[in-house]
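One structure, as structure tokens, below. Some questions next.
The values are calculated or read from the model by the stated rules, or taken from the named source; none is laboratory data. Just so it is clear, the model here is predicted, and its values are computed rather than measured. In this analysis, Cβ positions are derived from the backbone assuming ideal geometry, glycine residues included, and neighbour counts consider all displayed protein chains. SASA here: full protein model, heavy atoms, side chains in, ligands and nucleic acids out. Shrake-Rupley method; radii C 1.70, N 1.55, O 1.52, S 1.80 Å.
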Amino acid sequence: MAVDFETEIKNLRTTMGSVRDVTDVPALEARIADLEQQAAAPDLWDDPDSAQGVTSALSRANAELERIQSMDSRIEDLEALVELGREEGDAETLTEAEGELAKIAKAVSQLEVRTLLSGEYDEREAVVTIRAGAGGVDAADFAEMLMRMYLRWAERHGYPTKVMDTSYAEEAGLKSATFEVNVPYAYGNLSVEGGTHRLVRISPFDNQGRRQTSFAAVEVIPLIEGTDSIEIPDNELKIDVFRSSGPGGQSVNTTDSAVRMTHIPTGIVVSMQNEKSQIQNRAAALRVMQSRLLLAKKAEEAAERKELAGDVKASWGDQMRSYVLNPYQMVKDLRTEHETGNPSAVFDGDIDAFIEAGIRWRIEQAKSED
């Protein structure tokens, strides 16, 4: 069936109109002008924390405006390409236009989803922690599979990541791992991935070849910023140091540089071992601890703890997504009903459709509760 370019392009323009309305482009342009004026101040870097906030905000605002403007330009170029193909009767050009239409439609959909990310911390970078749950060695292996999935997702998009802590299981896989995704809106996107993930497969660790079910918990929190006000008294922190370890218990460092930080009043524990020194690991652990306490504080104030990081049990009856490799192939999100029959692609980082569906589902849930 021939593509109805007029209708499709009209729909794209309609969606972009909604994006511009929600973004409030004139207000965004005015904000950029104000931030540029602040950034040009000769005494800007007298206060490094404030300067960092201004330059980061300016970079994000410019990127947001550029995304909208470039998308409008791509739609105009597509329209010109279609017109050229029809005038010349060139089937090859029209085929090229059809491919470009699909790419633009996907990009516009992602941009539309971005406008839905208006939560207090959605613009932040993210800290992701994965923990093996019920299922023994299969669960530890599953935790490592999930970590690779998210790191591959970030790599596909060119997002920088930093692995902060890895605790290896004895036989295979990970007991837990923590990493950062250092790009604006990482938290807004990945926050819908928080919860219990379930894997069903023939266990590679079972010599009888039986099907096993295992679980892993994913926690996503926003990365703390210098402007956040979270002070932790020293007497509320217990800090232990230990030797970093790799797979199979092998020593990575020759000194006790790894840090385990416990917040005594809440019992929250953060471990860091992937930095080169104890001082760096301690600073990284404190930053993540502050992020978790900030969320806990906001959750308590708003009575919305379950909507934020929460406590994930990683066991039966608690899962939000299932990855089934046997007796059939399917990944299905149990909240949004979104599914695919290609688990290999999902584990290789192709999770944008699940994230988009999750964000739209969350918005609908919020509307229904109003």
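Filtering region 264-279 down to residues that are polar (S, T, N, Q) and either within 24 Å of the chain's Cα centre (by Cα) or open to solvent by less than 70 Å² (accessible area, probe 1.4 Å) (or both), which residue is nearest to T129 (Cα to Cα)?
Among those that are polar (S, T, N, Q) and either within 24 Å of the chain's Cα centre (by Cα) or open to solvent by less than 70 Å² (accessible area, probe 1.4 Å) (or both), it is S271.
Hey, another quick one. Cβ-Cβ below 8 Å, separation at least six or inter-chain, first residue in region 185-212 and among the acidic types (D, E), second open to solvent by 30 Å² or more (accessible area, probe 1.4 Å): which pairs?
D206/Q212
Could I ask something else about it? If you take the residues of region 53-95 that are of a type in the set (D, E) and open to solvent by 80 Å² or more (accessible area, probe 1.4 Å), which of them is farthest from T23 (Cα to Cα)? Spell out the reasoning first.
Step one: list which residues in region 53-95 are of a type in the set (D, E), which gives 64, 66, 72, 76-77, 79, 83, 87-88, 90, 92.
Filter once more, keeping what is open to solvent by 80 Å² or more (accessible area, probe 1.4 Å): 66, 76-77, 79, 83, 87-88, 92.
Values: E66: 12, E76: 20, D77: 23, E79: 24, E83: 30, E87: 36, E88: 38, E92: 37 Å.
Once the filter is applied, the top-ranked residue is E88.
Let me ask another. What residue, of A27, A2, A39, is without any contact (Cβ under 8 Å) to a residue 12 or more places away in the chain and under 30 Å from the mean Cα position of the chain (by Cα)?
A27
Restricting attention to region 165-182, which residues are within 14 Å of A216 (Cβ to Cβ) and among the aliphatic types (A, V, I, L, M)?
If the condition is that a residue be within 14 Å of A216 (Cβ to Cβ) and among the aliphatic types (A, V, I, L, M), then A169, A172, L174, A177 are the ones that fit.
While we're here: Assuming R156 fulfils every condition listed in (1) open to solvent by less than 50 Å² (accessible area, probe 1.4 Å); (2) more than 26 Å from K297 (Cα to Cα); (3) in contact (Cβ under 8 Å) with a residue 40 or more places away in the chain apart from one, which condition is it?
Condition not satisfied by R156: (1).
Which is part of a helix (DSSP H, G or I), farther than 24 Å from F5 by Cβ and either among the polar types (S, T, N, Q) or out of contact with any strand residue (DSSP E or B) (no Cβ under 6 Å at 6 or more places or on another chain) (or both), of S50, S73, S18? Walk me through how you get there before you give the answer.
Working: S73 fails: farther than 24 Å from F5 by Cβ; S18 fails: farther than 24 Å from F5 by Cβ.
After ruling out the rest, the residue left standing is S50.
Let me ask another. Can you find a residue in region 96-110 that is open to solvent by 20 Å² or more (accessible area, probe 1.4 Å), in contact with a helix residue (DSSP H, G or I) (Cβ under 6 Å, 6 or more places away or on another chain) and assigned to a helix (DSSP H, G or I)?
Yes, some residue in region 96-110 is open to solvent by 20 Å² or more (accessible area, probe 1.4 Å), in contact with a helix residue (DSSP H, G or I) (Cβ under 6 Å, 6 or more places away or on another chain) and assigned to a helix (DSSP H, G or I).
Looking at region 115-153 only, could you name the residues that are touching a residue at least 40 places away in the same chain (Cβ under 8 Å), open to solvent by 40 Å² or more (accessible area, probe 1.4 Å) and either hydroxyl-bearing (S, T, Y) or part of a helix (DSSP H, G or I) (or both)?
Selection gives L116, G136, M145, R148, L151, R152.
Here's a follow-up. If the requirement is being in contact with a Leu (Cβ under 6 Å, 6 or more places away or on another chain) and modelled with pLDDT under 95, which of these qualifies: A357, A314, A309?
A309
To continue, here is another question. Looking at this structure, is Q38 in a helix (DSSP H, G or I) and open to solvent by less than 80 Å² (accessible area, probe 1.4 Å)?
Taking the combined requirement at face value, the residue satisfies it.
Every residue in region 43-92 that is under 20 Å from S118 (Cβ atoms) and either over 35 Å from the mean Cα position of the chain (by Cα) or of a type in the set (V, I, T) (or both), please.
Within region 43-92, just I68 meets the criteria.
If A33 satisfies every condition in (1) open to solvent by 80 Å² or more (accessible area, probe 1.4 Å); (2) farther than 30 Å from E98 by Cα; (3) of a type outside the set (S, T, Y) but one, which is the exception?
Of (1) open to solvent by 80 Å² or more (accessible area, probe 1.4 Å); (2) farther than 30 Å from E98 by Cα; (3) of a type outside the set (S, T, Y), only one is false for A33: (1).
List the residue pairs whose Cβ atoms are under 7 Å apart, where the first residue sits in region 335-347 and is among the aliphatic types (A, V, I, L, M), the second is modelled with pLDDT of 95 or more, and the two are 6 or more positions apart or on different chains.
So the pair list comes out as V346/M149; V346/V331; V346/T340.
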